[in-house]
Each structure stands twice: as structure tokens, then as C-alpha cells.
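Inspection log for the structure reproduced underneath, given as C-alpha cells.
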Amino acid sequence: MIKKDLELERYWQRLRLALKEAVGKKPRDLNSILLLIGVQELGKGTIEFSKEQKQDLMHIAICKVLSLSGYYVLEGLDEDGWPHWKNVKPLPHFDLMEQEQLLKMHILEYFEDEINLAF
């Protein structure tokens, strides 16, 4: 299990470096990467977002990456073009560290498969 954790962390650091090259700034944590994904999925470019909108963007990102394993499906867009997701499969009961690892694995998959980012 420890080897798997180290491998995940190695890929995570490589992703952070690849994102630094792509956007000009190294994301400092999981939340900043989720925010990047949310902005990408919203598709409105880099505009100013309120604190509440940033929370919504991170929610969009979480739903998007967890949809890769069938936990969420896209229901559609609202009148402002914001995506809405539906939870269709129960999420596993993990502690905080396990939740973070699950998200990291799905984020890595997202950037590899959906964005085709090499890292």
C-alpha cells in the first residue's frame, strides 16, 4: 500500500509541474487544481468569480472527475450555462486522506484522458 501511495504522489507532483508549464503557475494544492478543472468545465474562460462561484466551480470539478468512475452523471446546464450533476452511485465511506487520494487518482485520469496533458 505504501508503494502505491508513493507512486500516486509522484504522479501528482508531475501533474503540478505540467500544470505550471501549461498555465504559468504551479497549483499549490488540491483545491487550486479542482478550481482549474471547474473553470475548464464551465468553459467561460478566466473571468472573475465570487467566493461562492469558486466553491461551485470546485463542486463541478469534483462531480466531473468522479463521473469518470460513474459516481455522477451530467444532468444538463442551467440558463446561465452552469453544469448540474446528479449522484447516481453511492460514494465510498472514506476518511479524509482516502477521499483526497480518490480525488487525486481521478484528477490524474481527467488530465490524462480528457485534457491529454502529458506528465
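Here are the numbers:
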{"quantity": "Spin-label model distance (nm) - residue 97 vs residue 3, 7 Å beyond Cα toward Cβ", "calculated": "2.0"}
{"quantity": "Cβ-defined net charge surrounding residue 9, 13 Å radius [Lys, Arg +1; Asp, Glu -1]", "calculated": "+3"}
{"quantity": "Packing-based exposure ordering (other Cβ within 10 Å, fewest first) of 59, 106", "calculated": "59, 106"}
{"quantity": "Potential extension, residue 88-residue 69 segment - 0.36 nm per residue separation minus Cα distance", "calculated": "5.8 nm"}
{"quantity": "Sites residue 79 and residue 117 - FRET efficiency at Förster radius 35 Å, r taken between beta-carbons, to 0.05", "calculated": "0.65"}
{"quantity": "Helical contribution to [θ] at 222 nm, DSSP H n ≥ 4, -39,500 (n - 2.57), averaged over the chain, rounded to 500", "calculated": "-18500 deg cm²/dmol"}
{"quantity": "Structure-derived P(r) over Cα pairs in 5 Å bins from 0, in percent - corresponding label in (i) 2, 11, 22, 23, 17, 11, 7, 4, 2, 1, 0; (ii) 2, 10, 20, 25, 20, 14, 7, 2, 0, 0; (iii) 2, 9, 16, 20, 23, 21, 10, 1, 0", "calculated": "(ii)"}
{"quantity": "Amide H contacts under 5 Å for residue 85, placed H, 5+ residues apart", "calculated": "75"}
{"quantity": "Length added when fully stretched, residue 54-residue 21, from 0.36 nm per residue minus Cα-Cα", "calculated": "9.6 nm"}
{"quantity": "Greater than 31 Å apart at Cα, pairs in 20/64; 26/89; 4/44; 54/89; 3/25; 51/104", "calculated": "26/89; 4/44"}
{"quantity": "Sorted by Cβ neighbour density within 10 Å, fewest at the top, the residues 50, 32, 67", "calculated": "50, 32, 67"}
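Each value in this text was obtained by applying a stated rule to the coordinates, not by laboratory testing. Computed from a predicted structure; not experimentally measured. Please note: Cβ atoms are built from the backbone with ideal geometry, for glycine as well, and neighbour counts cover all protein chains shown.
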